[in-house]
Amino acid sequence: MRVGARPRPAAAREPRLVAYTNAETVGGAEHCLATILAGLPQSFQVAVVASSPAVAEAVAAGLPAAEIVLVRPPTRFWDARAVGANMRALRRLDGDLCVINLHTPYSGLHATLAALLVRNLEVVAIEHLPLPSRSRAAHSLKRLTSRRLAAHVAVSEHTAAAIAGEARLRREAMLVIRNGVPEPVSGVCELDLPRPIVGGMGRLDRQKGFDVLVDALADLPGVSAVVAGAGPEHDALIRHARDRAVADRFAIVPWQDEVGPFLRSLDVFVLSSRYEGLPLALLEAMAAGVPIVAADVGAVGEAIVSGETGLLVSAGDPAALADAIRQLLDDEERRERLGMRAREAWGSLFAAERVQEEYVNLFTRLLR
């Protein structure tokens, strides 16, 4: 069911879950929410509330019967109209459970407040990227809403500790359910670059640190690098590669929804981010069995044990990044061993089925 569809009758009521996101673009947090919803039992009736039609469609992609409701985003911090619009949408949907997907801690405060003001609605918040705020008003509203949630979920121990500090909560008040990703599709894609090839994927912005990868490439003669993605730093990265005299060994290719073939085309997967939560790109590389070099930021160290399932380096350090990449490229047996162990760790800790089961168990407990 899509926008404007008529709700089902109340007779023989099924569990009704409303998922909210105010993200403007589809990123890792939205893919996580889509994975959670796709794992719900068929008995759940699902609606997606969002301010972006494209994001709403992406989140509901695995649920053809889901209803989509669009609400206008807030125009300022104290925006009573935005809170009211969210309350009206939630009351019309008559949900039992509302899941607020927070790509940053302060991104959905209006919706969280609105959901908490709706009677008989259990509210769950999912925290992804623990970015701080300098706003006293934002801190106050975050503390107020966090203390009234039915469940407050973080995607990693690092995120849980950071959010507890931001919201002045006891760490025990946070529940950790780590991100999970499905098995990547099989196959390998052809890359028009000389081997060996290292690379990463994600949005082309400063957070992801692809400029650091370009700097490291300057210290890796004979090595090529490729990045799959799109974003505001596309042209700047191309210019930076020219400035570092590596433009003939560096390429940017379009983002691909099926990441498996791209990942398996790499000799080493590189995560060069300046900050992260628990990045899906890293988990997808683990699932594909690709050897990994990653910046030790956010919860990356909860997924990668340096020397066992990959190599960790300090963020923003091109020399350390280049050295770790060179270590793996010079040792094929070590690459294969680390890639195999990373895949084993994905299977036991970060498979999509595991995260789906944990959320179904949580939602079921809250709806009893």
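Sub-7 Å Cβ pairs linking a first residue in the range 221-240 that is in contact (Cβ under 8 Å) with a residue 60 or more places away in the chain to a second residue that is assigned to a loop (DSSP other than H, G, I, E, B), at least 6 apart or interchain, are VAL223/PRO196, ordered by first then second residue. Summed over the range 123-167, residues that are farther than 24 Å from CYS32 by Cα and not in a loop (DSSP other than H, G, I, E, B) total 8.
Please determine, by comparing only the residues of the range 74-122 that are polar (S, T, N, Q) and either in a helix (DSSP H, G or I) or under 18 Å from SER140 (Cα atoms) (or both), which one is most open to solvent (accessible area, probe 1.4 Å). Selected residue: THR104. Within the range 126-140, the set of residues being in contact with a helix residue (DSSP H, G or I) (Cβ under 6 Å, 6 or more places away or on another chain) and under 23 Å from THR364 (Cα atoms) comprises GLU127, HIS128. Could you please find all residues in the range 130-159 being modelled with pLDDT of 95 or more and under 18 Å from PRO279 (Cα atoms)? Those that are modelled with pLDDT of 95 or more and under 18 Å from PRO279 (Cα atoms): VAL153, ALA154, VAL155, SER156, GLU157, HIS158, THR159.
Among residues that are at negative phi, free of Cβ contacts under 8 Å to residues at least 24 places away in the same chain, in contact with an Asp or Glu (Cβ under 8 Å, 6 or more places away or on another chain) and of a type in the set (Val, Ile, Thr), VAL297 is not included.
Filtered by the rule that a residue be more than 15 Å from PRO291 (Cβ to Cβ), in contact (Cβ under 8 Å) with a residue 40 or more places away in the chain and open to solvent by 50 Å² or more (accessible area, probe 1.4 Å), the range 324-350 gives a lone residue, LEU349.
If only residues of the range 9-33 that are open to solvent by 30 Å² or more (accessible area, probe 1.4 Å), charged (D, E, K, R) and closer than 19 Å to ARG368 by Cα are counted, the one that is modelled with the lowest pLDDT is ARG13.
Each row is one residue, and each column tells you yes or no for (1) open to solvent by 20 Å² or more (accessible area, probe 1.4 Å); (2) in contact with a strand residue (DSSP E or B) (Cβ under 9 Å, 6 or more places away or on another chain); (3) not charged (D, E, K, R).
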position	(1), (2), (3)
PRO261	yes, no, yes
LEU266	no, yes, yes
PHE269	no, yes, yes
GLY277	no, yes, yes
LEU283	no, yes, yes
MET286	no, yes, yes
GLY289	yes, no, yes
GLU302	yes, no, no
SER306	yes, yes, yes
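For (1) more than 23 Å from GLU157 (Cα to Cα); (2) in contact with a Leu (Cβ under 7 Å, 6 or more places away or on another chain), each residue gets a yes or a no:
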{"position": "ASP79", "(1), (2)": "yes, no"}
{"position": "ALA89", "(1), (2)": "yes, no"}
{"position": "LEU97", "(1), (2)": "yes, yes"}
{"position": "GLU127", "(1), (2)": "no, yes"}
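For the range 172-200, filtered to residues that are free of Cβ contacts under 8 Å to residues at least 60 places away in the same chain and under 19 Å from GLU358 (Cβ atoms), the residue that is most open to solvent (accessible area, probe 1.4 Å) is GLU172.
Scanning the range 169-225 for residues that are part of a strand (DSSP E or B) and under 30 Å from ALA150 (Cα atoms) yields LEU175, VAL176, VAL181.
Scanning the range 123-138 for residues that are open to solvent by 10 Å² or more (accessible area, probe 1.4 Å) and not hydroxyl-bearing (Ser, Thr, Tyr) yields HIS128, LEU129, PRO130, LEU131, PRO132, ARG134, ARG136, ALA137. Looking at ARG76, ARG92, just one residue is at pLDDT 95 or above and farther than 13 Å from ALA125 by Cβ, and that residue is ARG92.
Yes/no matrix, rows are residues, columns are (1) in contact with a Gly (Cβ under 9 Å, 6 or more places away or on another chain); (2) surrounded by 18 or more Cβ atoms within 10 Å (Cβ to Cβ); (3) free of Cβ contacts under 8 Å to residues at least 40 places away in the same chain; (4) part of a loop (DSSP other than H, G, I, E, B):
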site: THR35; (1), (2), (3), (4): yes, yes, no, no
site: SER43; (1), (2), (3), (4): no, no, yes, yes
site: VAL48; (1), (2), (3), (4): no, yes, yes, no
site: ALA54; (1), (2), (3), (4): no, no, yes, no
site: ALA58; (1), (2), (3), (4): no, yes, yes, no
site: ALA65; (1), (2), (3), (4): no, no, no, yes
site: ARG72; (1), (2), (3), (4): no, no, yes, yes
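The values are calculated or read from the model by the stated rules, or taken from the named source; none is laboratory data. All figures in this text were calculated on a predicted structure; none of them were measured in a lab. When we count neighbours, we look across all protein chains shown, and the Cβ atoms used for this are built from the backbone with ideal geometry, even at glycine. Surface areas here come from the heavy atoms of the whole protein model, side chains and all, with no ligands, DNA or RNA. Shrake-Rupley method; radii C 1.70, N 1.55, O 1.52, S 1.80 Å.
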